[in-house]
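The values are calculated or read from the model by the stated rules, or taken from the named source; none is laboratory data. Note that the structure is a prediction, hence the values are computed from the model and not measured. Quick reminder, even Gly has a Cβ in these numbers, built from the backbone with ideal geometry, and neighbours come from all protein chains shown.
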Amino acid sequence: MGTTVRTLPDSYFRLVRKFPLVRIRDAEHLARAQEILDDLLMRVLDEGGNAYLDALSDFIENYENEHEPAVDVPTEDVLRELVHASGLSQQRLAAEIGIAQSTISALLTGSRKPTAGHVARLARYFGVSPSVFLPAASPTTTRGRDRRR
C-alpha cells in the first residue's frame with residue numbers, strides 16, 4: 001500500500017517564504033514568530049494557512065517548553081480566566097455543563113477542588129487539556145508528606 005502525499009495550497013508556501021518554519025533560536029526570533037501567529041489568528045485561513053499556523057504553533061510551543069517552562073497555576077485561577085475570557089456568567093456555565101452554580105462558585109474561589117468529573121466536563125467545554133485543572137504536586141508538598149510518615 002502506498003502513502004498518499006497531500007499537496008498544500010500555495011498560501012502555505014507564501015507564508016513559509018515570509019517566515020520560514022525553522023526551530024526558534026532566541027527571544028527575538030520568538031517575538032517575530034508570535035507576531036506572525038497573532039496576525040494569522042485574526043484572519044480566516046484556508047487549508048494552507050491552517051497547516052502553517054499549526055506548524056508555527058508547534059515551533060513556538062517547543063521553544064517555550066524548553067526555555068520558559070510553565071508556572072503551575074492554581075485551578076481556580078485557570079477556571080476564572082477561562083470563564084472571563086469566554087464572557088460567561090457562573091449561572092450560564094453551570095447550566096451548560098451540568099454542574100451546580102454553587103459548585104462553580106466554590107471552584108472559582110478555591111474553597112473546593114474539582115472532582116475528576118468536574119475536570120472532564122470543564123476541559124471538554126473549554127476545549128483544553130484536563131491537565132490545566134490539575135496542578136502538579138510541588139516538591140515541598142511531597143517532602144512534607146514524606147516527613148509525616
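Could you tell me whether any residue of segment 13-31 is among the aromatic types (F, W, Y), over 24 Å from the mean Cα position of the chain (by Cα) and surrounded by 12 or more Cβ atoms within 10 Å (Cβ to Cβ)? Please lay out each step first, then the result.
So the first thing to find is which residues in segment 13-31 are among the aromatic types (F, W, Y), and the list is 13, 19.
Among the residues that remain, those that are also over 24 Å from the mean Cα position of the chain (by Cα) are: 13.
From the residues that got through so far, the ones that are surrounded by 12 or more Cβ atoms within 10 Å (Cβ to Cβ) too are 13.
Scanning segment 13-31 turns up at least one residue that is among the aromatic types (F, W, Y), over 24 Å from the mean Cα position of the chain (by Cα) and surrounded by 12 or more Cβ atoms within 10 Å (Cβ to Cβ).
Just checking, how many residues over segment 42-59 are acidic (D, E) and either in contact (Cβ under 8 Å) with a residue 12 or more places away in the chain or in contact with a helix residue (DSSP H, G or I) (Cβ under 9 Å, 6 or more places away or on another chain) (or both)? Give the steps one after another, and end with the answer.
Initially, segment 42-59 is screened for residues acidic (D, E), giving 46-47, 54, 58.
Narrowing the set further to residues that are either in contact (Cβ under 8 Å) with a residue 12 or more places away in the chain or in contact with a helix residue (DSSP H, G or I) (Cβ under 9 Å, 6 or more places away or on another chain) (or both) leaves 46-47.
Of the residues in that region, 2 qualify.
Return yes or no: is S131 assigned to a helix (DSSP H, G or I), at pLDDT below 80 and not basic (K, R)? If you could, list the steps in order and put the result at the bottom.
Working: assigned to a helix (DSSP H, G or I): yes; at pLDDT below 80: yes; not basic (K, R): yes.
In short, yes.
Residues that are more than 20 Å from G127 (Cα to Cα): list the helices (runs of 4 or more DSSP H) wholly contained in segment 19-115 that include at least 2 such residues. Don't jump to the end; show me each part of the working.
Working: elements: 27-41, 47-67, 75-86, 90-97, 101-109.
Result: 27-41, 47-67, 101-109.
Select, from S57, S89, S11, the only residue that is small (G, A, S) and farther than 25 Å from V132 by Cβ. It would help to see each step written out before you state the result.
Details: S57 fails: farther than 25 Å from V132 by Cβ; S89 fails: farther than 25 Å from V132 by Cβ.
S11 is the lone residue from the list that is small (G, A, S) and farther than 25 Å from V132 by Cβ.
Which residues, counting only those in segment 77-134, are among the hydroxyl-bearing types (S, T, Y), surrounded by 15 or more Cβ atoms within 10 Å (Cβ to Cβ) and either at positive phi or without any contact (Cβ under 8 Å) to a residue 24 or more places away in the chain (or both)?
Of the residues in segment 77-134, the ones among the hydroxyl-bearing types (S, T, Y) are 86, 89, 102-103, 105, 109, 111, 115, 125, 129, 131.
Narrowing the set further to residues that are surrounded by 15 or more Cβ atoms within 10 Å (Cβ to Cβ) leaves 103, 125.
Of everything in segment 77-134, just one residue is among the hydroxyl-bearing types (S, T, Y), surrounded by 15 or more Cβ atoms within 10 Å (Cβ to Cβ) and either at positive phi or without any contact (Cβ under 8 Å) to a residue 24 or more places away in the chain (or both), namely T103.
In segment 58-66, is there at least one residue being out of contact with any strand residue (DSSP E or B) (no Cβ under 9 Å at 6 or more places or on another chain), surrounded by 14 or more Cβ atoms within 10 Å (Cβ to Cβ) and within 26 Å of T7 (Cβ to Cβ)?
Just the residues of segment 58-66 that are out of contact with any strand residue (DSSP E or B) (no Cβ under 9 Å at 6 or more places or on another chain), to begin with: 58-66.
Remaining after also requiring surrounded by 14 or more Cβ atoms within 10 Å (Cβ to Cβ): 59-60, 63-64.
Within this subset, residues satisfying the condition of being within 26 Å of T7 (Cβ to Cβ) are 59-60.
Checking segment 58-66: at least one residue is out of contact with any strand residue (DSSP E or B) (no Cβ under 9 Å at 6 or more places or on another chain), surrounded by 14 or more Cβ atoms within 10 Å (Cβ to Cβ) and within 26 Å of T7 (Cβ to Cβ).
Residues of segment 12-34 being among the charged types (D, E, K, R) and either in contact with a Lys or Arg (Cβ under 6 Å, 6 or more places away or on another chain) or closer than 15 Å to E64 by Cα (or both), which ones?
If we filter segment 12-34 for residues that are among the charged types (D, E, K, R), which is where we start, we get 14, 17-18, 23, 25-26, 28, 32.
Scanning segment 12-34 gives R23, R25, D26, E28, R32.
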